[in-house]
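Student: Can you keep this structure in mind? I'll have questions shortly.
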2 protein chains.
Amino acid sequence: MTYSLPNTRDEALALDSADPLAGARASFRLPDGVTYLDGHSLGPATEGAVQAVQHTATDAWANGLIRSWNDAGWIDLPKTVGVKIARLIGAKTEEVIVCDSVSINLYKLAAAALPLSKARRIIVEADEFPTDQYMAQGLSDLAGVEFVRVASGQGEAELSSGGVLIKSVVNYRTAVVADMTSHEAAAEAGGGVIVWDLSHATGCVDLDLGAVGARLATGCTYKYLNGGPGAPAFVFVRNDIANQLSSPLSGWFGHVAPFAFDEDYKPTAGAARFAAGTPSVLSLSALDAALDAFDGVSVAALASKARALGDLCLWWAERLGLQPISPGIGEVRGGHVSLLHEQGYPIVQALIARGIIPDFRAPNAMRFGFSPLYVRFVDVWDAMAALEEILVSKEWDQPRFKVRSAVT
Amino acid sequence: MTYSLPNTRDEALALDSADPLAGARASFRLPDGVTYLDGHSLGPATEGAVQAVQHTATDAWANGLIRSWNDAGWIDLPKTVGVKIARLIGAKTEEVIVCDSVSINLYKLAAAALPLSKARRIIVEADEFPTDQYMAQGLSDLAGVEFVRVASGQGEAELSSGGVLIKSVVNYRTAVVADMTSHEAAAEAGGGVIVWDLSHATGCVDLDLGAVGARLATGCTYKYLNGGPGAPAFVFVRNDIANQLSSPLSGWFGHVAPFAFDEDYKPTAGAARFAAGTPSVLSLSALDAALDAFDGVSVAALASKARALGDLCLWWAERLGLQPISPGIGEVRGGHVSLLHEQGYPIVQALIARGIIPDFRAPNAMRFGFSPLYVRFVDVWDAMAALEEILVSKEWDQPRFKVRSAVT
């Protein structure tokens, strides 16, 4: 489905009425009086996820105790949840395992990629997400591998000299979407390898890792996948290379037989060798249930709606004279839109005080996230109308909106 | 308190009546008809932990959404939960951070310890817990450091040549307790460093990391600390060396200002620099509440009761002609007792069928765990009486008890 750009609030409401994804919103437990535009940071809870956590705690843990590793299928969760994610990224079912955090998984994959690369160096772009840069630095220090930071957008060209490039598909500030096909071609030609970070892309971009020839990726599950705060991340490894790769974080859950208690590490087959420690069952059970909200929804439909919602935000931004740093109306874009304002921080706080929740990234970016399963066109309309009021009235210029929080 | 060895079931009941720790059992949500002797593998749920998970899911996540990182204190959980653990291991409050798994933390600490060691090598003993061995192998491969496996009990002597020794305080099979003081002295003398694995020790052994001069440690929270399946582990780093150390897994949550989005990694002060990715909030909230069951309980009292329960098990084992591989009656020991039997697997299954839950470790060890907060002397008595019946009647010799599960 393609969505037209509404010119009035009534047209926004009409779009919502006709929206084939509108039904998914009922799965979510959204609080009254809140318009949630921060799903690119932390997705909201589905009713199923809340119930799954309660069930896991009371039934599987409290009553089942240790038996639940077998009887409740805990031991299989990293794979069974991986199967649900595989469909959303265009992977085969056995190519995905759920484990650890994006940070940890970037390290595993970048280290495992080094032997595949012509040159022992790790490349990141200057505006890459911070933890991606930090993990590359830590790995480079320990493994004695060159750390290369190139300018924004120059990672693809740098691959001509080989190396392992850590690259986000969707930039966390701008929502610019990388051309995965051309990057993979450059990697192939130059003897390099790409570790994709799908954190801001999964669930809002039409990903097809198989079609673009991606070899390695990881991604976050607590943003557009709504897995819950700090939910475990996932690892994707293309089947044909998985068994050549070694995870440096060779923990017992990546072993071919964890409960044989062998002395020597023997990795299991496929992506599952990138598991390490005991899986975080409570968090996994929330994620498992949260993914059911995607049942029957195509990633093409998700991407199309996310962009249409972003287009409406950009249409308003132009009216309000706000400078976007995200791709424009009709262009390919991730699920969020960033608008610049030197008073971005207090403006966002003023919006939050009205129950409209975007987020802020220093020094001056207001990020509005359009998670397509539950954000409505009328939500975007009303949020931008409120933003207009705040700008016109200078409502943001109150001391209470200028107090900085630990997490901004 | 010291506990005498009961000679009859009535004496066991009398010990329970007089037990100063008896009240703690009321905190737990133990299922009816179950005698749980597997707390060394997965601790049971406390009522508070179940409620905390529900509250975090419904109130902090579903209603609070992204705001809960500040408003519900999520951002501080790795430290605030660490404070509760610090008391149980004899650490200062700022020396403990909760993050990731034991496997991952062993890697971080062993890598960080390398520059402190006279020799670039990593040492493990042959009967060390498997994941400890595997992580040492993975680190040694990536960092180009020698991997040294010595015979059981030879780690201390091996430290005379320097190196980083990964060593469990309580052996997972035998429950033998390492002499931490003499190990640390050997490390000091030989220019080596020890990374302690406290997994089977925390909550059942009278740990005092400060007194023994320990520098680095990690441990599991889902065993005697009852944090829930796959609950995050903890890292201990002695204050005076923390700021010299670099975690190779240098993720954004170990950065001095994670939300400043700096390009370069600058570690925060103290043990907290060993955090990496986004904390697993749902799991942390369960652990946080579970630790309240330890309020007002000294680790000396925990250790004393755990040993007395184990003594009673060993007294029975002698009557039944079962061979223990754990330290004997009155000796220092961890919280479990391992008894050998070539039919150990079906015997354990027959016990489980009666609602008595120990566990089994291949090839022939039956492990009985005596978590001192909720196991009663009469539980041990009745479990061992049931074991006697199973052995005498050969009840274990039924095909249904010989079917192997994924997790044994």
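Student: Look at residue B:271 and say whether it is buried (at least 24 other Cβ atoms within 10 Å of the Cβ) and away from every other protein chain (no Cβ under 14 Å).
Tutor: When the stated conditions are applied, residue B:271 passes them.
Student: Count, please, the residues in segment B:247-281 that happen to be under 14 Å from residue B:78 (Cβ atoms) and assigned to a helix (DSSP H, G or I).
Tutor: Residues meeting the conditions: 10.
Student: I would also like to ask the following. Against the condition surrounded by fewer than 18 Cβ atoms within 10 Å (Cβ to Cβ) and more than 29 Å from residue B:257 (Cβ to Cβ), how does residue B:94 come out, does it pass?
Tutor: The answer is no for residue B:94.
Student: Another one. Taking residue B:219 as meeting all but one of (1) out of contact with any Phe, Trp or Tyr (no Cβ under 7 Å at 6 or more places or on another chain); (2) within 23 Å of residue B:304 (Cβ to Cβ), write down the number of the exception.
Tutor: Residue B:219 satisfies all of (1) out of contact with any Phe, Trp or Tyr (no Cβ under 7 Å at 6 or more places or on another chain); (2) within 23 Å of residue B:304 (Cβ to Cβ) except (1).
Student: Ok, one more. Inspect segment B:267-281 for any residue being more than 30 Å from residue A:143 (Cα to Cα) and either of a type in the set (A, V, I, L, M) or touching a His at 6+ places or on another chain (Cβ under 7 Å) (or both) and give the result as yes or no.
Tutor: Among the residues of segment B:267-281, at least one is more than 30 Å from residue A:143 (Cα to Cα) and either of a type in the set (A, V, I, L, M) or touching a His at 6+ places or on another chain (Cβ under 7 Å) (or both), which makes the answer yes.
Student: Return the residues of segment B:364-398 that are out of contact with any helix residue (DSSP H, G or I) (no Cβ under 7 Å at 6 or more places or on another chain), closer than 30 Å to residue B:17 by Cα, of a type in the set (D, E, K, R) and surrounded by fewer than 23 Cβ atoms within 10 Å (Cβ to Cβ); say none if nothing qualifies.
Tutor: B:379, B:382, B:389
Student: Further, regarding this structure: Residues that are within 30 Å of residue B:359 (Cα to Cα) and in contact (Cβ under 8 Å) with a residue 60 or more places away in the chain, at least 2 per element: which helices (runs of 4 or more DSSP H) completely within segment A:35-148 meet that?
Tutor: Because the criterion is at least 2 residues that are within 30 Å of residue B:359 (Cα to Cα) and in contact (Cβ under 8 Å) with a residue 60 or more places away in the chain, the helices (runs of 4 or more DSSP H) in segment A:35-148 that meet it are A:47-55, A:77-89.
Student: Looking at segment B:39-57, which of its residues are surrounded by fewer than 24 Cβ atoms within 10 Å (Cβ to Cβ), at the interface with another protein chain (Cβ under 7 Å from one of its Cβ atoms) and either in contact with a Lys or Arg (Cβ under 8 Å, 6 or more places away or on another chain) or over 24 Å from residue A:228 (Cα atoms) (or both)?
Tutor: Of everything in segment B:39-57, those that are surrounded by fewer than 24 Cβ atoms within 10 Å (Cβ to Cβ), at the interface with another protein chain (Cβ under 7 Å from one of its Cβ atoms) and either in contact with a Lys or Arg (Cβ under 8 Å, 6 or more places away or on another chain) or over 24 Å from residue A:228 (Cα atoms) (or both) turn out to be B:41, B:50.
Student: For segment B:6-36, what are the residues that are more than 23 Å from residue B:292 (Cβ to Cβ) and within 12 Å of another protein chain (Cβ to nearest Cβ)? Before the answer, list the steps.
Tutor: Step one: list which residues in segment B:6-36 are more than 23 Å from residue B:292 (Cβ to Cβ), which gives B:6-15, B:17-18, B:32-33, B:35.
The answer is B:32, B:33, B:35.
Student: Same structure, new question: So, of the residues in segment A:233-246 that are farther than 25 Å from residue B:144 by Cα and in a helix (DSSP H, G or I), which turns out to be farthest from the chain's Cα centre (by Cα)?
Tutor: A:240
Student: Then there's this: Taking the conditions exactly as written (at the interface with chain B (Cβ under 10 Å from one of its Cβ atoms), surrounded by fewer than 24 Cβ atoms within 10 Å (Cβ to Cβ) and touching a residue at least 24 places away in the same chain (Cβ under 8 Å)), does residue A:238 satisfy them or not?
Tutor: So residue A:238 does not fit the description; no.
Student: Considering only segment B:97-131, state which residues are of a type in the set (Asp, Glu) and facing another protein chain (nearest Cβ under 10 Å).
Tutor: Hits for segment B:97-131 are B:100, B:127, B:128.
Read-outs throughout are calculated quantities, based only on the coordinates presented, and are distinct from any laboratory measurement. Bear in mind the structure is a predicted one, so any value in this text is a computation, not a measurement. Cβ: placed from backbone, ideal geometry, glycine included. Neighbour counts: every protein chain shown.
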